1. With the requirement that a residue be at pLDDT 85 or above and facing another protein chain (nearest Cβ under 7 Å), what does segment A:273-286 give you?
2. Conditions: (1) surrounded by fewer than 17 Cβ atoms within 10 Å (Cβ to Cβ); (2) away from chain A (no Cβ under 12 Å); (3) more than 21 Å from B:Arg119 (Cα to Cα). B:Met222 meets all but one. Number of the miss?
3. Answer yes if at least one residue in segment A:232-243 is more than 30 Å from A:Val183 (Cβ to Cβ) and modelled with pLDDT of 85 or more, and no otherwise.
4. Are there any pairs, at least 6 apart or on different chains, whose C-beta atoms fall under 6 Å, with the first in segment B:76-92 and basic (Lys, Arg) and the second not in a strand (DSSP E or B), and if so, which?
5. So which residues in segment B:177-205 are surrounded by fewer than 17 Cβ atoms within 10 Å (Cβ to Cβ), touching a residue at least 40 places away in the same chain (Cβ under 8 Å) and either acidic (Asp, Glu) or not assigned by TED's automatic domain parsing to the domain that holds B:Phe160 (or both)?
6. Which one of A:Leu262, A:Leu318 is in contact (Cβ under 8 Å) with a residue 40 or more places away in the chain, of a type outside the set (D, E, K, R) and away from every other protein chain (no Cβ under 12 Å)?
7. Which condition breaks for A:Ala337 when tested against (1) at the interface with another protein chain (Cβ under 8 Å from one of its Cβ atoms); (2) exposed (fewer than 13 other Cβ atoms within 10 Å of the Cβ)?
8. Taking segment B:66-94 as the region of interest, how many residues are in a helix (DSSP H, G or I), at pLDDT below 90 and away from every other protein chain (no Cβ under 14 Å)?
Amino acid sequence: MNARRPRRIGRIVASVGVVVLTGELCRHIQHINQTAVAVALLLVLELIAINVGFVEALASTAAAGAELGYFFVRLPRRPPAGMVEWVAITTFVLVALITIRLSDQARSGWLDAAKRAGEMSLLYKFGLELLPAENTTSMIERGLSAAVNMFAIEGVALRWLPTGEIFRAGPAGPMILEDELRVLNTEKDAEERRSGDFIFVCLKGRNGPLGVLGLCGVKTSQEVLRILCHRLAMSLERAIALEAATEVEAIRRTAELASAVLDSLAHDIKTPLATTTLALACLFSVKDALPNTHTPFLSVIKEELDRMDHVIGEVLHLGHLESGLFSFSREPQVVKALILSTLAEIDGMLEGRSVEIDIPESVPPILAEPRLMKHVLKQLLENAIKYTPQGMPLSISSATSDGMVTIEVADHGPGIPEADRQRIFDKYYRGENSKDRTVGLGLGLAIAKSIVKAHGGQIWVSSNHGCGSVFHLSVPSPGLVGS
Amino acid sequence: MNNAKILIVDDDLAFRMTMRNALGLRGFTVDEADSGETALEKIRNDRPDLILLDINLPGLNGLECCREIRAGMETPIVVLSVRGEPRDKIQALNSGADDYLTKPFNLEELIARLRANLRRVSHFQMDERKVITLDGVQIDFKARTVKARDKNVQLTRKEFELLWYLVANAGEVVPHRKLLQVVWGPDYGDEAEYLRVFVNHLRKKIEPNPSAPRYIITALGMGYRFELPPGALTTH
């Protein structure tokens, strides 16, 4: 401020000098009238107001009034004598004041527009600097150093909320205290806080606060600062979204690869298995021609092939379910029809056990892929049969609860110990009771869980040790949606 | 029927050899192809009675092969594949396959299905000319022709049989199992997706608005019912 004063005094002196000089020039022109001198002086005053400034033009107006009054109008010393001259000189001064005021306003407008154009160009270049980066961190670093270099900010620091890291840029960046970056309440509407030469701004994205930006030695206008922060926030939010999309794409590619490996595995294992099974079937058809001592071996081979097929089928099925690429279409299915059809498929396994079915007419259809849902029911029924002594009944019931249809399969077996109940749906887990009874790898209930989950439902077990178990599954029903 | 000519299309030599022996023992005449291209050539030249087709083939794959065959002929196609997901079966049926078995399969089941698919003279043959007329669509069951808005529409043998059985039992719900056993054969019953695919095909060919069917109605979880408008069926 102090350095500016002598410069301004110099400009005032120079401006007054120009006015005096103009007056002097006019005095040497013969037959010039007062009006012409007044117009010439007004022109000079307007030029000073436009090119130099209002204060300088004001001082020059005083000088011009005095010069016009003394040399040209020749004002009498004391009014009321020479009233006309006084009126003329007062009019000149008033016109001069209005002219310099208007000229100054026009000048301010031009300067303002030029400044805005400069700021807009800077903001545009800043926007270009914020084009997608390889990751969020490099986007933050690039954004902060661009802000420092383009807007002549002395230092910036950003507390990045997603990770809690602090990023700094500019010579005064380290002067911004970490504690200050923590003070701003990012949840509140107040987005800005000033503390001496420091400004703290909350960077907000569409989904909430992203970080707190501290700035030191900011020379730009409030509006430019606001736009700068907004652009930075938008770019960082875009970087987060891009990073997430890249991650999703990577997961999708991994799932695709897993699915391709499974397909290839299925082909490479199942084709020789099919060939062997077929060859064995041919041998069976001519078994009468084989020595009696050889035929039991055929049965052993058949049983082992069946076991291998079952295990491979389970692994591939679960692999497909978990690949994330597994898709199926669901249609409304009548619960009772689904259960009866499943029971028809496992009829041979019941071996005299009766099945009590309790499905009220009021149970609405469920939204399911019939083959998959039958696979789940089959798994639960096979389990129940395995643990229910011959002659004892199994029971299947259904009801509606919390907008879902529940199906319960109960057995009269020994029940499931608490420790097993927690892990019974885990892959490859086989409870103590099942180790000597099951053929597979312990994937049956894991597959059932994956299928039910893919249908938007849940599966769980309740059991009283010694009093049997009840497997529950709940599946959405189109009739209950929104009720 | 047992001396029917069967073409096995599979890229696995051991599988083809074993199939040749297994089917040969049952009296079938067997030919082989190790790729889709060879298969198409053999089908054109030798006219087999039935094709056993693998999906996973080098070059022209099984589904493309299926579509190529269906573009010109009605030879029954039974797909044998290691993939057993419903969507794989639906894809194969949509491409023109008549049946689908997942490897490894039971030989007896395969033989039963081969016989069912080879059944040429069906109980759907009729002496009288029965024609139904539905909203711009004319179906002649004896001539096995369909005209929709003056254009000839192709219906496969199974589509015709399915439609005729539904029409013959118009007004009643025909259960899935019954339809499968009548149209595909006595060994069928659980292949509900077969019906979904073929009924979809039929609806596209005869219904004015296939997404809101007026004639072939789904009885949820039970079967299908044909809604025959009064006077639509005429016998000549």
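The values are calculated or read from the model by the stated rules, or taken from the named source; none is laboratory data. Note that the structure is predicted; figures quoted are calculated from it, not measured. Cβ sites come from the backbone with ideal geometry, for glycine too, and all protein chains shown count toward neighbours.
1. First, the residues of segment A:273-286 that are at pLDDT 85 or above: A:273-284.
Matches in segment A:273-286: A:Leu273, A:Ala274, A:Thr275, A:Thr277, A:Leu278, A:Ala279, A:Ala281, A:Cys282.
2. Unmet for B:Met222, out of (1) surrounded by fewer than 17 Cβ atoms within 10 Å (Cβ to Cβ); (2) away from chain A (no Cβ under 12 Å); (3) more than 21 Å from B:Arg119 (Cα to Cα): (2).
3. Going through segment A:232-243, the residues more than 30 Å from A:Val183 (Cβ to Cβ) turn out to be A:242.
With the extra rule that they be modelled with pLDDT of 85 or more, the set shrinks to A:242.
Yes, segment A:232-243 has at least one match.
4. Partner pairs satisfying both residue conditions: B:Lys89/B:Glu193.
5. Listed by number, the list holds a single entry, B:Asp187.
6. Values: A:Leu262 fails: away from every other protein chain (no Cβ under 12 Å).
Result: A:Leu318 is the single residue among A:Leu262, A:Leu318 that is in contact (Cβ under 8 Å) with a residue 40 or more places away in the chain, of a type outside the set (D, E, K, R) and away from every other protein chain (no Cβ under 12 Å).
7. (2)
8. Total satisfying the criteria: 1.
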